[in-house]
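Each reported figure results from applying straightforward, stated rules to the coordinates on display, with no laboratory input. Note that the structure is predicted; figures quoted are calculated from it, not measured. Heads up, the Cβs are rebuilt from the backbone with ideal geometry, glycines too, and the neighbour counts pull from every protein chain shown.
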Ligand code: 3HC
């Protein structure tokens with residue numbers, strides 16, 4: 001995978017671009033004109049963090065940045081070997097990019113989505129070659145989290161799956177697991193009901209956010225508590241996954257809590273907007 005394209009330079013897209021460029025590939029990131037600088041800064045900041053902690057040399061950081069171009073021009077993705085879509089969880093937006101990419105890239109290029117809530121087959125079916133489309137689900141923060149979930153569909157070519165799994169393990173140094181194309185895949189099907197249970201507990205006034213989080217950090221050795229994790233993942237993403245789990249399985253415990261909906265309506269999306277269950281504005 002010499003040339004890799006990433007659609008979207010938000011939290012996930014920037015992290016994906018960083019780990020792939022760190023592994024030596026040339027990476028193009030597609031962003032809206034007004035978000036190009038923010039995407040570049042996001043990547044530079046994360047690399048600076050790795051340099052500061054001694055995980056990356058300054059020279060490797062500079063070389064990594066040189067391999068990344070943030071662009072507004074999708075046509076420059078024509079020579080991509082792999083394109084990973086990491087746009088917000090809006091199906092119509094993702095469908096539009098899969099349709100356009102299918103016309104731009106070579107027929108043997110692989111198209112992946114980082115979606116955490118939309119059935120991958122729907123995106124695959126927007127293309128003329130659904131056999132080359134699969135899910136490549138990264139975890140936040142991407143440079144730190146070891147896992148990539150490879151999501152197969154009813155139409156994907158097993159050789160494409162093997163190629164992407166080998167890329168993720170051998171080139172990116174990640175651990176892979178394989179999931180069928182059902183809501184939540186493996187990890188979010190387990191994680192999101194846990195997070196929404198914590199929101200319900202907080203919503204009912206049963207315990208404070210700090211105590212719920214401290215309980216899981218100090219009682220179960222989780223690196224962060226569930227409400228802080230919601231803030232890290234993004235409340236909009238938590239809501240989208242909860243809605244897709246509820247739509248798929250119809251079981252009440254998958255239904256998103258009212259408070260989660262209201263916080264998303266209010267624009268309290270967590271760390272990325274400065275406010276979620278906690279205040280990050282200072
Ligand atoms: N970008 C890059 N590196 C980061 C980072 C970021 N945003 N945040 C933390 N790091 C690095 C730090 O540089 C540090 O590296 P070092 O060990 O080399 O110094 C290391 O991670 C630990 O960071 P800190 O010491 O600052 O802080 P913590 O020890 O509290 O760790 C954490 C932060 C790694 C985020 C940890 O709290 C954690 O693992 N939290 C759980 C995260 C998680 O569960 N993610 C999965 C979410 S689910 C998901 O993404 C799927 C989606 O579809 C919903």
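Numbers for the structure displayed
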{"read-out": "Beta bridges per DSSP with both ends in the chain, % antiparallel, nearest 5", "value": "20 percent"}
{"read-out": "Normalised per residue, the volume of the convex hull around the Cα set of the chain (Å³)", "value": "133 Å³"}
{"read-out": "Nearest 10 degrees, 0 to 90: helix 36-52 Cα axis against the chain principal axis", "value": "80 degrees"}
{"read-out": "Contact order normalised by residue count of the range 3-180, Cα under 8 Å, 6+ apart, percent", "value": "20 percent"}
{"read-out": "Per-residue [θ]222 nm for the chain (sum of -39500 (n - 2.57) over DSSP H runs n ≥ 4, rounded to 500)", "value": "-14000 deg cm²/dmol"}
{"read-out": "Simple label model, 7 Å out from Cα along Cβ direction - residue 217 to residue 49, nm", "value": "1.6 nm"}
{"read-out": "Among 151, 264, 83, residue whose mean-square fluctuation peaks in a GNM of the chain (springs only between Cα atoms under 10 Å)", "value": "264"}
{"read-out": "Cβ crowding within 10 Å averaged over residues, with 31-37, 44-50 ranked highest first", "value": "44-50, 31-37"}
{"read-out": "Förster radius 25 Å - calculated FRET efficiency between residue 190 and residue 162 (Cβ-Cβ, nearest 0.05)", "value": "0.45"}
{"read-out": "Average Cα contact separation per residue, the range 188-272, under 8 Å, 6 or more apart, as relative contact order %", "value": "33 percent"}
{"read-out": "FRET efficiency estimate (nearest 0.05) - Cβ-Cβ, residue 251 to residue 180, R0 25 angstrom", "value": "0.85"}
{"read-out": "Separation of alpha-carbon centers, the range 55-74 and the range 214-282, rounded to whole Å", "value": "31 Å"}
{"read-out": "Between helix 235-249 and the chain: long-axis angle, C-alpha atoms, 0 to 90°, nearest 10", "value": "90 degrees"}
{"read-out": "Estimated FRET transfer efficiency (residue 65, residue 95; beta-carbon r; R0 25 Å; 0.05)", "value": "0.20"}
